[in-house]
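Each remark here refers to the structure printed beneath this line.
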Amino acid sequence: MTTIAVIGLGTMGLGIAQAYATAGLAVLATDAVPKARETALDRLRASLALRVRSGKLAQADLETLLSRIAVVDGPEAMGRADLAIEAVVERIEIKRALFAALEAVLPPDAVLASNTSSLSVGAMAEGLARPERLLGLHFFNPAPVMKLVELVAHPGTGAAALERARRLTEAAGKTVIPCPDRPGFIVNRCARPFYGEALALLEEGRGAAEIDAAMLAAGYALGPFGLIDLVGADINLAATESLAAAMQGHPRYHVFEALRRQVASGDLGRKTGRGFLYPETPDPAPDDAIALRIEATLVNEAGWLLAEGGTMPDGIDTALRLGLNFPRGPFQILAAQGREQVLDRLERLAAQAPVHLRGRYQPAPMLAR
Ligand SMILES: NC(=O)c1ccc[n+]([C@@H]2O[C@H](COP(=O)([O-])OP(=O)(O)OC[C@H]3O[C@@H](n4cnc5c(N)ncnc54)[C@H](O)[C@@H]3O)[C@@H](O)[C@H]2O)c1
């Protein structure tokens, strides 16, 4: 019987446990906090009960699903796991200590996976006896619903570990996209210009409502400000700052003052009742140039990631469609608009860029003439 171990039973861990249990796999789950262990199955039961009530899940299937998950006291009780996934706090020393504890009890071929959003998987592998079996499995929130999982290989990850992680995660119904151990992986990185270029437009005097309206008209389910308001300006700022630091402050990851000011104001979005746009709605008078400009920068960022290796155009497109619900990926945009058009827009933006954005629009190698 294949067994998945999940460590950390917060938002992500509980959802990850549910995803594998739904697929019929046995799950061993634990958390450092006793209360989190004691309440885990009740929390899951409560969230699944909503699905039973709406007729999406049979009561018997709920019971079967829960019976596949065993909560145990700690990593020492996870010795029969084939794949162990951690979803504990985002601190590298805690993740490293956890992997060391798991290594001591797991069979030599068991795979170790981190659900980190922002830490280097390679840095986590340092000090492990078998670094070749460590990789990243980056789930999206809510994990039982979101189809995408980024499969992150660090330079020393072995093919056997990648293959097992992929097979088991695909069995859980996920679309698994390989990606390199680079800051932000695919989605969190390639999404940056969606927000950043919208903030650049705001800085130039355009309104949040017209910018979002332009993106809705171009087929996006939410505009950049609608998305920031949904997730929270504080969360967006943290992700932007983390990537800017990891990329040595490159202007493609510029942290716009408007975003900092928004967070300082306390109007973080839906959760506080007011955001960049919320509770207003996008203005219905779109300007095509806005969407073409934001999409040109999305194409360029994807081009820079592609140039770093470890990923493919199709994978990047799929990741952005599934991870952000984008109507099309950057390489589909490139195919539809043509290289000359995209390049022309970037060159015009570069020519007009203010000092703090110089270098932001330098075309990726795949676009260069
Ligand atoms: N929340 C998201 O949207 C999201 C999305 C993708 C990835 N992630 C990543 O997933 C991980 C978990 O995030 P979360 O939002 O579920 O956090 P969370 O705070 O909801 O849950 C973390 C859980 O880990 C437990 N924990 C902490 N240290 C532990 C240890 N040493 N051993 C066992 N359990 C421990 C905590 O008690 C808590 O229950 C982080 O690495 C985060 O970056 C989060």
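Please list V111, V263 in order of solvent-accessible area, largest first, computed with a 1.4 Å probe with all protein chains present.
V263, V111
Once you have a ≥ b ≥ c as the square roots of the Cα gyration tensor eigenvalues for the stretch 3-180, tell me rounded if a/c is under 1.5, and otherwise prolate or oblate according to whether a/b is larger than b/c. Write out the running numbers ahead of the final one.
On the way: a/c = 1.86, a/b = 1.50, b/c = 1.24.
Judged from the Cα gyration tensor, the stretch 3-180 comes out prolate (a/c at least 1.5, a/b above b/c).
Heavy-atom accessible area per residue, the stretch 81-181, 1.4 Å probe: how many Å²?
Details: 3820 Å² over 101 residues.
Each residue of the stretch 81-181 exposes 38 Å² on average to a 1.4 Å probe.
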- Message: List the GluC sites (Glu not before Pro) within the stretch 102-158 that DSSP assigns to loop and that have no more than 13 neighbouring Cβ atoms inside 10 Å.
- Response: E126
- Message: Rolling a 1.4 angstrom probe over the protein chains, ignoring ligands and nucleic acids, what is the accessible area of I7 in square angstrom, nearest 10?
- Response: 10 Å²
- Task: Heads up, I need the accessible area for K147: 1.4 angstrom probe, whole protein in place, Å², nearest 10.
- Result: 100 Å²
- Roll a 1.4 Å probe over the protein heavy atoms and report the accessible area of H356 in Å², nearest 10. 80 Å²
- Solvent-accessible area, 1.4 Å probe, carbon plus sulfur percent, for the chain: 55 percent
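Using a ≥ b ≥ c from the Cα gyration tensor of the stretch 188-357 (square roots of the eigenvalues), is it rounded, prolate or oblate, where a/c under 1.5 gives rounded and otherwise the larger of a/b and b/c decides, a/b for prolate?
Rounded, because the longest to shortest axis ratio a/c is under 1.5.
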- Query: Can you give me the Cα centroid spacing of the stretch 255-322 and the stretch 344-359 in angstrom?
  - Reply: 18 Å
- Would you mind calculating the relative contact order of the stretch 188-357 from Cα pairs under 8 angstrom and at least 6 residues apart, reporting the percent as a whole number? 27 percent
- Value of relative contact order over the stretch 3-180, rounded to a whole percent, pairs C-alpha under 8 Å and six or more apart: 22 percent
- Query: In what sequence, largest accessible area first, do T22, T175, T157 appear using a 1.4 Å probe?
  - Reply: T22, T175, T157
- Query: Between the stretch 169-202 and the stretch 44-100, what's the alpha-carbon centroid distance in Å?
  - Reply: 25 Å
- Per residue, how much accessible area does the stretch 188-357 show when a 1.4 Å probe rolls over the protein heavy atoms, in square angstrom? 42 Å²
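Roughly what percent of Cα-Cα pairs across the chain reach past 30 Å?
Summing the P(r) of the chain above 30 Å gives 42 percent of all pairs.
The values are calculated or read from the model by the stated rules, or taken from the named source; none is laboratory data. It should be emphasised that the depicted structure is a prediction, and the values quoted were computed from it without experimental measurement. No Cβ is skipped: glycine too gets one built from the backbone with ideal geometry, and neighbour counts run over all protein chains shown. For the accessible areas, the whole protein counts, side chains as well, though only heavy atoms, and no ligand, DNA or RNA atoms are used. Shrake-Rupley method; radii C 1.70, N 1.55, O 1.52, S 1.80 Å.
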